[in-house]
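> For reference, the structure I am asking about is given below.
Since every read-out is calculated from the coordinates, none of them should be taken as a lab result. Predicted model, so just to flag it, every value in this text is computed and none were measured. Cβ sites come from the backbone with ideal geometry, for glycine too, and all protein chains shown count toward neighbours.
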Amino acid sequence: MKRQLNRYLQSDWFGPLLITIAAIALVSWFNPSFLSPFNIQILLLAIAVNAIIAYSQMVIIAIGQMNLSVGAIGGLVAISFSGFMEVWSIPWPVAAFMALSVGLTAGYINGLFVAMTGISAFIITLATLSIYKGLNLGITEATPFYKIPETVKALGNSNFIEPLPWLVLPTIIVTFCLWYLLNRLPVGRFILAVGGNEHAAELSGISVRKTIITAHAISGFLAGLAGIMLVARLQIGQPTIGDDWLILSFAAPVIGGAVLTGGHISVAGTLLGVVIVAIITQVLVLFNVDPFLVQVVLGLLILWAVGLNKLREVRAARSMDELGAGA
Amino acid sequence: MNNVSSTQPPTSDAMRLEDESPPRTGSSRLGPQLTRLLLSNEFGLLALIILFSVIFALATPGFTSSFSLFAMGRTAAVNIIIGFSMMVVIVSGGLNLSVGSIGVCVAMAGGWLMQVAGVPWYLGVVGALVLGAMIGALNGIMIVKTGLHSFIITLATMSIFFGVMIFLTQAGSFRELPPEYVQFGRMKINGVVSPLLIVTLLIGVVLSVFFRLTTSGRRLLAAGANPDAAELSGIRVDRTIILCHALSGVLAGIAGLMLVSRTGAAIPSMAGQLGQDWLLPAFLGPVLGGTLLTGGRASVLGTLLGAFLVTLLTTGLLLLQVGAFWVQTCLGLLLLAAVLIDLSRRTYLARHNLI
């Protein structure tokens, strides 16, 4: 019984879950309108898109790298999606499929450069960030695509069951798929193994290159999906989509217990990280706090979370030492 | 292992803290020496700068006009300082994502001091730069105390600094600055040279001296090359890292204040959302200039030439009417090409035992 409890206490998602429940309880006590169906719908819409953005970064954190181009890929896919529909009058499912391929390719290119050259992912994705963003602005000349089909608009702003919006569906599916991929499928285990110790992974027969490329391709695909979902939500193909994703994409996985050196991430933790960020952002609005301070809070959240993770790591290392001394 | 205190002059223009390669039989011949010089970053950059200058001068009529040269020098001045600001942190083996954020904070503080507090402009500049040093040092202290990588710390502080700044200013700008300060950014010496460029060159000389001749500079290089070895040989690595982040803050601040003097106003959005627009120029200069991302090697001249090349290309492409939006793509491709060329150059030099 005690061991079971200990295991929960040590898992990544337990802390964030407690915080989420406490926050919901506290906020709804102060302000009952927080739990109104309308507010829940707004919260879910934000969580649905932000979760995909966070997953897109999380997959790269899992291999111990970083992807600065998440937002740029999202923006490029968003304008491809709306551009395909407006300029070439392609039906939306086909356009979505094609746009997602653009995202997948963009991520694949990132992975290819990182894996083949061995140059740090930071520099490669900084370069591709500016390439993808430049392509986006060069194509659109910074003007949005306005003609979005009614079906897409409806999907972005209506519910399939009250108060669950349609946009929650892809997020639920992706969450489950990612969990299955990382915990049950060989590819997912390879990703975590490469993140944990690249050299050991290579020696045990895992193709590090292929794994890195796969992770980046998944990241590109997810960033693209988030871009498409935002087009549906905003009802407009904005070229600026993705400009403000960077901080958020790191905040949520880190709050969820991800270790930035790789090999240790939690899908449930990341999702809860997104929920916490969404609740805090809403609370700031509900209590009339200056919206400019949201940035400060996000930054402080990251610092707090990485500090906490570090502390847990040190404590875990110490208890391992004690075990070693005992044996 | 450590030649921190050795007085031998650096072999190439770059300052490095690595073992000298064992003397090879052929090293007295001119061949390898020449190859090494021809394959050095600085020489390559210089060749590219000359090549592109000739191309742009022939392709566009306006390129060699005195106004275009003046504007290019002025833009280069700011870009070079932004590059320096990132370089001093890269030397320590870290990075500083918050350069843009700090730059805007310092610029706004300068604007506030001059316009609202009514301080004379030189005191305003000093006061704002002190703030830059303090913000930078705060980054350094957090990195040292937590032992976390500078990437995640400065990612968080980038958001925090920018958020506090935009909260305090309520996104408003300062436009009534002392005329002599604004005049400084618009002045032309001999009709071509901006005083900002001269300030930048002076800072370049100071940084060169810092890394070559001062104990702190050598310690910083040593700490970046191998922190453990540096610690064992009695260097306070902690202090060194805080120092380099403070220095980065000051340099970012100088770049911000230069922009203010150029535009005549302190505007919160001058470096984009969270100061992200500075990230690419900040890394382009040092990376093109051959500063190792793993730390321990700095090339002030390389960074200067790298940032200048970037400015030259941007100006030239704009004059060729490529369109401002495509220039960003070109710069991204340039960064990608630079790291790839650098990689193959290093492989070539290593294979021929020239490093």
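> Give me, ordered by chain and number, the residues 5 or more places off B:Ala298 or on other chains with an amide H under 5 Å from its own placed amide H.
B:Met15
> Given H placed on each backbone N at 1.01 Å, which residues far from A:Gly256 in sequence or on other chains put an amide H within less than 5 Å of it?
Close amide H contacts, sequence-distant or interchain: A:Gly273.
> Here is a further query. Kindly state, to the nearest 0.05, the FRET efficiency for B:Ile341 paired with A:Leu286, given R0 = 56 Å and r defined as their beta-carbon distance. Each step should come with its number before you reach the end.
Numbers: r = 53 Å, r/R0 = 0.95.
Taking R0 as 56 Å, the efficiency between B:Ile341 and A:Leu286 is 0.55.
> Quick one, could you list the DSSP H helices from chain A stretching 30 Å or more along their long axis (Cα atoms) with average Kyte-Doolittle hydropathy of 0.0 or above?
A:37-62, A:92-117, A:208-234, A:293-326
> Here is a follow-up. Could you calculate, for the stretch A:1-92, the ratio of the Cα radius of gyration to the Kirkwood radius, expressed as Rg to Rh?
Taking Rh as the inverse mean 1/r over Cα pairs, Rg/Rh reads 1.14.
> Tell me which residues come under 5 Å, amide H to amide H, from A:Ile63 once H is placed; ignore anything under 5 positions away on its chain.
Distant-sequence amide H within range of A:Ile63: A:Gly263.
> If each residue's Cβ is checked for other Cβ atoms within 10 Å, how do A:Arg312, B:Arg219 rank with the fewest at the top?
A:Arg312, B:Arg219
> Size of the stretch B:69-224 along its principal axes in angstrom, Cα-based, largest extent first?
46, 39, 25
> Report the charge-dipole magnitude of the stretch B:66-348 in Debye, nearest 20, computed about the Cα centre from +1 at each Lys and Arg Cβ and -1 at each Asp and Glu Cβ.
380 debye
> Tell me the relative contact order for chain B as a rounded percent, counting alpha carbon contacts under 8 Å between residues six or more apart.
That works out to 32 percent.
> Using only the C-alpha atoms of the stretch B:66-348, find the volume of their convex hull and express it per residue in Å³.
136 Å³
> While we're looking at this one, here's another question. Leaving out same-chain residues fewer than 8 places away, which lysines sit with a Cα under 24 Å from that of A:Lys133?
Partners within reach: A:Lys147.
> With only alpha-carbon atoms in the gyration tensor, what are the semi-axes of the equivalent ellipsoid for the stretch B:161-320, in Å, largest first?
Whole-Å semi-axes of the equivalent ellipsoid: 31, 21, 16.
> Here's a follow-up. Restricting the calculation to Cα positions, tell me the Rg (one decimal) and the Dmax (whole number) of chain A in Å.
So, for chain A, Rg and Dmax equal 20.3, 70 Å respectively.
> For the stretch A:213-327, take the alpha-carbon Rg, divide it by the Kirkwood Rh, and send me Rg/Rh.
We get a ratio of 1.08 for the stretch A:213-327.
> In straight Cα distance, which aspartates and glutamates are under 20 Å from A:Lys153, not counting same-chain residues fewer than 8 positions off?
Here the aspartates and glutamates satisfying the reach criterion relative to A:Lys153 are A:Glu86, A:Glu162.
> So which chymotrypsin sites (Phe, Trp or Tyr not before Pro) in the stretch A:118-212 are both in a DSSP loop and have at most 11 other Cβ atoms within 10 Å of their Cβ?
Passing sites in the stretch A:118-212 are A:Tyr146.
> Roughly how many whole Å is it from the C-alpha centroid of the stretch A:219-280 to that of the stretch B:193-240?
Rounded to whole Å, the Cα centres lie 38 Å apart.
> Right, another one. Once label points are set 7 Å from the Cα along Cα→Cβ at both A:Thr117 and B:Leu38, what is their separation, rounded to one decimal in nm?
2.4 nm
> Right, another one. Once you charge only the Cβ atoms, +1 for Lys and Arg and -1 for Asp and Glu, what is the size of the charge dipole of chain A about its Cα centre, to the nearest 20 debye? Show your work: numbers first, answer last.
Values: 15 positive and 13 negative charges, 139 e Å.
In debye, rounded to 20, chain A gives about 660.
> Given 5 Å bins starting at zero, what is the percent of C-alpha pairs of the stretch A:111-221 in each, up to the one with the largest pair distance?
Result returned by the calculation: 2, 9, 13, 15, 12, 15, 13, 11, 7, 3, 0.
> Starting from the Cα of A:Ile172, move 7 Å in the Cα-to-Cβ direction to define the label point; list residues of the stretch A:251-282 whose amide nitrogen is under 18 Å from there.
A:268, A:271-272, A:275
> Can I ask one more? Assuming a viscosity of 1.567 mPa s and a temperature of 4 °C, what translational diffusion coefficient in µm² per second does Stokes-Einstein assign to the protein assembly as shown, Rh being the Kirkwood radius over Cα pairs?
49 µm²/s
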